[in-house]
Every structure is written in C-alpha cells, then in structure tokens.
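Data first, discussion second: the structure below is written as structure tokens.
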Amino acid sequence: MAEPQDRTEQSNVVWIDEQLDLEWEATVQTLGGKGANLAEMVRLDLPVPPAFVITTDACRSVLAGARPEGLDQQIRSALAGFAPRAGRAFGSADRPLLVSVRSGAPVSMPGMMDTVLNVGINAAVVDALAAESGDAGFAARTWLRFCRMYAEIVLGIERAEVEAVVDEVAAAGAVDGTGRPDAATARAAVARLQERAAPAGGIPDNPEAQVLGAVEAVFGSWHSPRARAFRAAEGIDDTLGTAVTVQAMVFGNLDDRSGTGVLFTRDPATGESEPHGDYLVRAQGEDVVAGTHEVEGLDALARHEPEVHAELLAIAGRLEHHYRDMCDIEFTLSAGTLHILQTRVGRRSPQAAVRLAIAMAEDPAFPLTRAEAVARIEPATLEAAASVATVETSEVALASGIAASPGVGVGVVCCDPDRAAERVAAGDSVVLIRTETSPADVQGMVVSSALVTSLGGAVSHAAVVARSWGIPAATGLSAMQVFDDHVTIGDLTLAEGEIVTVDGSTGSLYRGNVRAGGSGSVPEVDVIRRWAAELGIEPGQALVAPDEQTANGAGGGAITPLAVLRAVQLKGLCALDVAAAVLGTSTDVIEGALADLGERVADKGRGWAITPDGRQWLTEQLAAELASTDTAAVDAVYQQFLPLNSTFKHLVTDWQASAQDDAAIAVMTAGLQALHRDLSPLVEASAQITDRLGPYRQRFEHALGAVVSGDVTMLASPLKDSYHTVWFEYHEELIHLAGRDRLTEEQNEANKEANRR
C-alpha cells in the first residue's frame, strides 16, 4: 500500500490506497460511497484497479462558484500517479492507460449522475492500443465510445443527434467478425463526431483536458433534473454533492475472454441465498447496468471461465461477511483477469429484505444477530412484505421475462416517462413500458404502478430502481417491441391507455386487470415480528440511540474506564484501533477513556499498557463488579461453556497438526461452525447478565466469518482478534464473573483431561 501523500497539498484529491485517518462515515462523506468502498476493497487486498477520488468538498465548492485553488493542478499531478501503480502511463503513447471518470455520492444514487469511459484517448493512443492488442477494431471502437460519451455528457449534444451521426456512418461502413463496426468505420464515425462537436467546444485531443472536462460534467450532473427527482423521491439532502472517482480502465470488450457483469451476493428480488446477476461478454460496464443489451446470467461466466467464476464467488463471500449484508458487485473480466470495480450494500425488495435479514441472523457463520436483523427492517418494509398481491391463476401471460421486482401492478400502458407523470397527476394508475429505462426517465418511473422493459436483466437500471422503491417490475421481455405510443407482442398491439397487469414475481405481463382478490404474505414477516416481541424492540428501531453511538459499544452499554482498562489488560499491549474494535466504538471514545484513566495506563508507542497503579485500581473495580453480579447465573453459563472449551482446544490442536490443505480446512471450518452454533446462546445469555460482555457477540461472529471466507489465520492467530483470541478473553471473563480463579480452573481442566485419557 502506498504511503499517504501530504494532505495539506492534496486536500481535494485522495488515492484509494492511502491510509485515511477517518472514521467510516466520515470517509463516505468525503470520498462518496464508491470511493470509500474502493478504498475498503484495497484494504482487503482485492483486485481493484488503481484510482483516486476528487472529494465531495471540492464538488460543493465548484458548484457554489468557489473553485478550490489549484484543483486542476492537483488532478494533473494525480494522473501522473497511475504510472507506478498500474505500470502504464496516462497520456502516453507507450503502453497507454485510459481512465473512467465516475460519480459517487455519499448516498447511493444508481445511474442518476454521469460517467465518462475511455478518457485519455487520441489518435496516437489508438494506434498504440491497436498495436498492443493486435485488434485495430477494438482500439477504434474504444475511441468512438469515448467521443460519443464526451459529446453527449460533457458538451451537451443531444443523444439522438450523436446516435444519428454514428448510425449514418455505420450504415455506409463495414463490420468485423464480431458484428461491430470495423476499424475504418469506427474512425470515420469519430471524425464525423469531432466535426459535429466543434461548434459546441470540441472534443479535446489532450488527455488531461479530457479528464478536466469530464470531471466538470460529473460535478454538474449533481444538479441534473433526473438527480434532483431521485433525491426528492429518496429524501436525500441536496447539499451533499458528489465525489468523482478517476480509475484505471480495464477492458471487458477486449476479446472473447473479456466481459463485464454485476453480481448480487443473494437474490435482491426474492432474498434467496444464491448469487444472482448478469454477465455480458465483450462489453463494458455501462452495457449491463444501462439495460440496453440482452444479457446472460452468471452461469454464462461459469461456463466460459470456471476459474474466474469461482474466484468471483469467493470474493463475493468475503465482501458479504465484511459488510455484514448482501452486496452489489460490479466486475470486469479483461483477457481472463478479474477486476472488481465497485461494491456497495445492494438494494432489495421488501420481501427480499425480510428474508435476507432472517437468513443471515439464523446462519451461525454470518455476523448478524437477531436484534440487528429486526433493526434492519423498517415498519414500512415489513408492511409491504406482509401484503403481496397475486394474479388470477387462470390468466395466460402475453409475454414473460425476468422477475426483476416482486409485486403486482395494474395501470394503463404508457410508453413515455413525461406522459406517465402527467397521467398520474391527472389521477391515472400507469404501467410505464420502455425498451429500457435510463436515469432520464426517473420522473415517470417513481410515480408508476409497475415497470416493464423489453431489454435489460435483473441488474439493469429499471430493476435496481424498481426494487429500491418497491415497484413491481418485469425486464427482458424480448418478445415485446416498444414504440412511441403503443407496444406490440407478435400480432397483438397494446395501445397507450389500455389496462395491463404486471406480475413482478414472475416477470409476466397480462392484458386487463387480473389482480387477484386479497393478498399473500411472506411467512418470514411473522418471524421478524416474533423476534421483535421476544427482544422487546420494534422493527426498524436503532439498537443504540443516535446520540449515544460514539459513547456506547457494540453491546449497547456505555464504554467505561473499567471496560477499556480490562481490554488493555487482556491484550497486554493495546493500540487505539484494537481497543475500539474490541469494544465496538470509535477511537475518539477510547482516547477519552484513556485520558480519564490518567496514570493507570502508559503509552508505549506501539500501544497502551496497564501500569502498577492501573493493576491495583482494576483489581478493586473487578471486585466491586463481581459483588454486584449474579455469579450463580454466570456460573450456569460457565458450566455449559466448559465442555465446549475442551472441544475447541481439540479442534485447534487437530488443525495445527494437520496438513492444512483443502480437506483439513473443510473439516476445521465445519467443526468451528458447529461449535459456534452451540456457543452463541451462551454468549447471548452472558451479555444479558452483564453489558460488558456484549461486544463478544460481534467479535466471535467476525472471526468466524473471516475463517469461513477463507482467512484461516483467524482461527488461532495470536496477533489478530482471531476466534482463539476472543475465546481466551471470553473464558477469562467467565472465570472472573463466576467468582472463580484461573489457576484453580486450569488445574481442574488438566485433571479432567487426564481422567479422559
């Protein structure tokens, strides 16, 4: 990882491989969701192309007319930083590097702001790409794609006009073996676009000028009508602004071993615990999420590139455990090499939200408690999942595609988002039917009863937005053709104004109103309600009040000097971030507690240690704690813990003596998962007896999740908060709170082990 740059000089530009001294939420606010998650994936050592981020502070200043001094020079300097990170130089004709310029707000706004791909290209770079790849057509089409995007997004030329210019040239040109414009045709289209763009300011030949223009356009897209409409629908603060991520390009359109896709770690429409997504060979990322192409499922990747598919699923598992939630992952395969371009917590339907929360909380290998699962489900989400409409079973669908967002919607056909908004304002229910949706359609999408597209898959723009707003949607109805004021399906014509029904649970379109009377319900709704009653909390209720988040730990109790000093004692030498992670709080809170402890602790440079005064004070405090603890209740837990302790010791010993190959890993992991299932109720019970043990729930779950995801060092490494480390410290706490002492317990265990032999 690169060393941090001088923050005083680079306050507006941050490399994702820098060590930022910020809490997670502050990182998101500064780098946007995309930038923060890229930085997190770099920290996890995932295959992320290098990137830097222009901060939200810079965006707000630019939009306010107070451009930060030296911003353009900071961006130019950052562009030079790609060479040592990527082994390619931006703006060079020798092993050239191109970049993408993408938006990234602190709150997810899928597709609502602008992106420009293949930035940094010109005639010399095209020649170099052609020579290196051996494919002049690929190089020329890469240039054409950039020119199209720059003309539309940066220069503001209407998309229809840009497409008309390109189509005119393509119609008179030739195609290559892939059915795409050949090199000569693509270059001719570039020349024609450059001519058309000249009166609007022109497409710069200089790579740095291209980046600066693209950055300015992405900043400006924060105030686009579609972004404003989306923020209004989602209740997002208009003053947040967006960060801009400038990232090294990798090419999913390079060859037959290249492609692009989006993976959800679980099905965002139904909540089924299987990876779900789309893949498109020989394509760039926008082709999948824009919904402009017919896509294949992830099984296509498994067929063509089984090793890459396995690598992708392993990464998906790691990310899901790391974020403790379903993740949405964008990836590109370039000449057989996998690159992860983005991840975020995925949007899901209400039904999926309920099912996912329960499945994760019931999985002993997943780091989510039942209380956290209940807290994730807002009352409105629970209500939506509890009332699932159906269609009459006797009806035959006109066409079927992908079940993109569950539910049943009824309304009149409308093929234009503006007309849809007008009809809804006049009192109609509308089903918006498009070839594909784009962010420009958001004003009609948000008011529609259902969405239907003829193209696109489960991760297209229409699908993602529909799920996040709870709108039934069917995508990829390939038998359907959409025109300005009507739809055809074979010989059948549906005119605007005709009533149709959409079943998003099956991806089907019906003529007329065929919604069934009454409704079904997701059975898991009752589980969430039962858990809420048992735990004494309401669905959607924060487990810790917002104003107590930094003062309280993961167990919900206040972070006391006793808790901090006990953590320091058990660790021996304890760094700030380690203490914060152990107690489930921030380093600021730990610093405050250490200050309160005064001379009872000492800063040893590499961490804090307890002093003789501290040991005496801690002994007194632990004695006082013991006097007020229900030791009989703790002892009951401890008696159940002892046989598990013996099992765990044998598991660790067997693992350390094994070959530690795949077979041994499988045996060890299965054993640890089974042990964790038995341990979890004890940890929960002890946390109910004393708040101070609350953080152990998440520590055990985090360590288990890491092991299951492939980090076997998290079983017993003494240098990490491994399962063994947490186990040892938890054992110490049970001994203390049960009124016992370590030496006696060790002797008792030794005697039992001897008798067992």
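The values are calculated or read from the model by the stated rules, or taken from the named source; none is laboratory data. All figures in this text were calculated on a predicted structure; none of them were measured in a lab. Every residue, glycine as well, gets a Cβ built from its backbone with ideal geometry; the counts of neighbours run over all protein chains shown. When the accessible area is computed, the model is the full protein with side chains, heavy atoms only, and any ligands, DNA or RNA have been set aside. Shrake-Rupley method; radii C 1.70, N 1.55, O 1.52, S 1.80 Å.
Over all pairs of different C-alpha atoms, segment 271-418 has a mean inverse distance whose reciprocal, the Kirkwood radius, equals 18.0 Å. If you wrap the tightest convex hull around every Cα atom of segment 347-402 and split its volume per residue, you get 125 Å³.
Rolling a 1.4 Å probe across the protein heavy atoms gives the chain an accessible surface of 41 Å² per residue. Computed log10 I(q)/I(0) for segment 63-185 at 0.11 Å⁻¹: -0.50, from the Debye equation with unit scatterers placed on every C-alpha and solvent omitted.
Surface calculation, 1.4 Å probe, protein heavy atoms: Ser478 sits at approximately 80 Å² accessible.
Its alpha carbons give segment 104-162 an Rg and a Dmax of 14.2, 41 Å.
The listed peptides 262-268, 460-466, 479-485, ordered by packing as a protection proxy, come out as 460-466, 262-268, 479-485 (highest mean of other Cβ atoms within 10 Å first). If I take R0 = 41 Å and measure r between the Cβ atoms of Ala200 and Asp428 in this structure, what FRET efficiency does the formula 1/(1 + (r/R0)^6) give, to the nearest 0.05? Computed FRET efficiency for Ala200 and Asp428 comes out at 0.60. Over 24 Å between C-alpha atoms is what I'm after, so list which of Lys649/Lys720; Lys604/Lys720; Lys34/Lys720 land there. Those over the limit are Lys34/Lys720. Ranked from largest, the principal axis spans of the Cα set of segment 42-85 equal 38, 21, 11 Å.
With the gyration tensor restricted to C-alpha atoms of segment 452-527, the semi-axes of the equivalent ellipsoid amount to 25, 17, 10 Å, longest first. Computed over protein heavy atoms with a 1.4 angstrom probe, the accessible surface ordering of Tyr279, Tyr323, largest first, is Tyr323, Tyr279. For the peptides 420-429, 490-499, 100-109, the ranking by packing is 100-109, 420-429, 490-499, with the highest mean count of neighbouring Cβ atoms within 10 Å listed first. Shape class of segment 401-506 from the Cα gyration tensor (axes a ≥ b ≥ c, square roots of the eigenvalues): rounded, since a/c falls below 1.5.
Would you mind classifying segment 1-154 by shape? Square roots of the alpha carbon gyration tensor eigenvalues, ordered a ≥ b ≥ c; an a/c under 1.5 is rounded, otherwise it is prolate if a/b is larger than b/c and oblate if not. Judged from the Cα gyration tensor, segment 1-154 comes out prolate (a/c at least 1.5, a/b above b/c). The Cα atoms of the chain define a convex hull whose projected area, averaged across directions, is 36.9 nm². Taken over segment 109-267, the percentage of Cα pairs per 5 Å bin, counting from 0 up to the bin with the maximum distance, is 1, 8, 16, 18, 18, 16, 11, 6, 4, 1. Ranked from largest to smallest solvent-accessible area, with a 1.4 Å probe on the protein heavy atoms, Tyr730, Tyr510 come out as Tyr510, Tyr730.
Remark on segment 558-674: hydrodynamic radius 16.9 angstrom, per the Kirkwood mean of 1/r across alpha carbon pairs. Mind running the shape call on segment 645-753? Use the C-alpha gyration tensor, a ≥ b ≥ c as the square roots of the eigenvalues: rounded below 1.5 for a/c, prolate if a/b tops b/c, oblate otherwise. Since a/c reaches 1.5 but b/c is at least a/b, the shape of segment 645-753 is classed as oblate.
Rolling a 1.4 angstrom probe over the chain with all protein chains present gives an accessible area of which 50% lies on carbon and sulfur atoms. Of all complete DSSP H helices in the chain, those with a Cα span along the helix axis of 27 Å or greater and a mean Kyte-Doolittle hydropathy of -1.0 or more are 631-657, 662-689. Only protein heavy atoms count here; on that basis, with a 1.4 Å probe, Thr142 has an accessible area of about 0 Å².
When only alpha carbons of segment 370-445 are considered, Rg and Dmax amount to 16.1, 45 Å. Comparing Cα centroids, segment 351-386 and segment 194-213 end up 49 angstrom apart.
Rg to Rh ratio, segment 690-747, alpha-carbon atoms and Kirkwood radius?
Reported Rg/Rh (Cα atoms, Kirkwood Rh): 1.05.
Taking all protein chains together and a 1.4 Å probe, the residues Ser133, Ser448 rank Ser133, Ser448 from largest to smallest accessible area.
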